[in-house]
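Student: Take this structure first; my questions come after.
What follows is calculated from the coordinates using simple rules that are stated; it is not laboratory data. Note that the structure is predicted; figures quoted are calculated from it, not measured. Glycine also receives a Cβ, built like all others from the backbone with ideal geometry; neighbour counts cover every protein chain displayed.
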Ligand SMILES: C[S@@+](CC[C@H](N)C(=O)[O-])C[C@H]1O[C@@H](n2cnc3c(N)ncnc32)[C@H](O)[C@@H]1O
């Protein structure tokens, strides 16, 4: 589901870059360690701050990323060009596409990053299956998500546009990851609202 104007402003603003690098990426790095040289995928890349973090915080060699919103794809390409990251043999590849049908062969990636995308997806279980498909055995999933209590919160929940049916709690997400053959390595929550998690694909 595409973002409303308020959330789009939030995730494309400079503050989002600071939060994503200093809080989300730093915490995921502590939980799961670096990627060190692999090819990684970011789903729902927004303005591209996660692509930059995959390269300079996690040490990925190459990053592929996509977003369902064409405007986001354009913003990410501009942002990464501005930061001098779009040149050379290992330049990031950014495309328009959906997590329901990832344009990549099975077993392609050493790691996948999900920064706040799955809770926007109606069939989040199907999305996880598709993510698992493109990961190598042993690859790492780095995930930051808003949980049901956040999406349904009477204050901040109503400012944003999310699917309302079948939103996941931390337990539901952990159970589904387990069912789909992931092993959770480490996690950290902010109450029942937000979850940072690292898991490996068996
Ligand atoms: C909350 S924003 C997060 C953006 C970025 N990952 C960040 O952390 O700043 C969610 C992003 O997921 C994208 N998105 C929503 N549904 C999607 C889908 N089915 N496939 C791919 N991207 C999707 C939206 O367009 C948006 O850019």
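Student: Go through (1) under 25 Å from residue 151 (Cα atoms); (2) out of contact with any strand residue (DSSP E or B) (no Cβ under 6 Å at 6 or more places or on another chain); (3) within 11 Å of the ligand (Cβ to nearest atom) for residue 22 and report which single condition fails.
Tutor: Among (1) under 25 Å from residue 151 (Cα atoms); (2) out of contact with any strand residue (DSSP E or B) (no Cβ under 6 Å at 6 or more places or on another chain); (3) within 11 Å of the ligand (Cβ to nearest atom), residue 22 violates only (3).
Student: Okay, next question. For residue 121, indicate whether it is touching a strand residue (DSSP E or B) at 6+ places or on another chain (Cβ under 8 Å) and closer than 19 Å to residue 3 by Cα.
Tutor: Judged against the criteria, residue 121 is not a match.
Student: Also, quick follow-up: Just one of the numbered conditions (1) surrounded by 20 or more Cβ atoms within 10 Å (Cβ to Cβ); (2) within 13 Å of the ligand (Cβ to nearest atom); (3) farther than 27 Å from residue 172 by Cα is not true of residue 92; which one?
Tutor: The number of the failed condition is (2).
Student: Return the only residue of 40, 117 being touching a residue at least 40 places away in the same chain (Cβ under 8 Å), within 10 Å of the ligand (Cβ to nearest atom) and touching a helix residue (DSSP H, G or I) at 6+ places or on another chain (Cβ under 9 Å).
Tutor: Details: 40 fails: within 10 Å of the ligand (Cβ to nearest atom).
Of the residues listed, the single one that is touching a residue at least 40 places away in the same chain (Cβ under 8 Å), within 10 Å of the ligand (Cβ to nearest atom) and touching a helix residue (DSSP H, G or I) at 6+ places or on another chain (Cβ under 9 Å) is 117.
Student: Starting from the stretch 2-27, keep only residues that are surrounded by fewer than 19 Cβ atoms within 10 Å (Cβ to Cβ), then list their pairs with residues that are not in a helix (DSSP H, G or I) whose Cβ atoms are within a distance under 6 Å, requiring at least 6 positions of separation or different chains.
Tutor: Every condition considered, the pairs that remain are 2/69; 4/161; 7/160; 27/196.
Student: I would also like to ask the following. Kindly list the number of the only condition in (1) closer than 25 Å to residue 71 by Cα; (2) surrounded by fewer than 21 Cβ atoms within 10 Å (Cβ to Cβ) that fails for residue 154.
Tutor: Answer for residue 154: the failing condition is (1).
Student: Now for a different question. Among (1) more than 9 Å from the ligand (Cβ to nearest atom); (2) assigned to a loop (DSSP other than H, G, I, E, B), which single condition is residue 125 missing?
Tutor: Exception for residue 125: condition (2).
Student: Follow-up question, since we're still on this one. Determine which member of the set 99, 63, 112, 73 is in contact with a helix residue (DSSP H, G or I) (Cβ under 8 Å, 6 or more places away or on another chain) and not in a strand (DSSP E or B).
Tutor: Values: 63 fails: not in a strand (DSSP E or B); 112 fails: not in a strand (DSSP E or B); 73 fails: in contact with a helix residue (DSSP H, G or I) (Cβ under 8 Å, 6 or more places away or on another chain).
Just one listed residue meets the conditions, 99.
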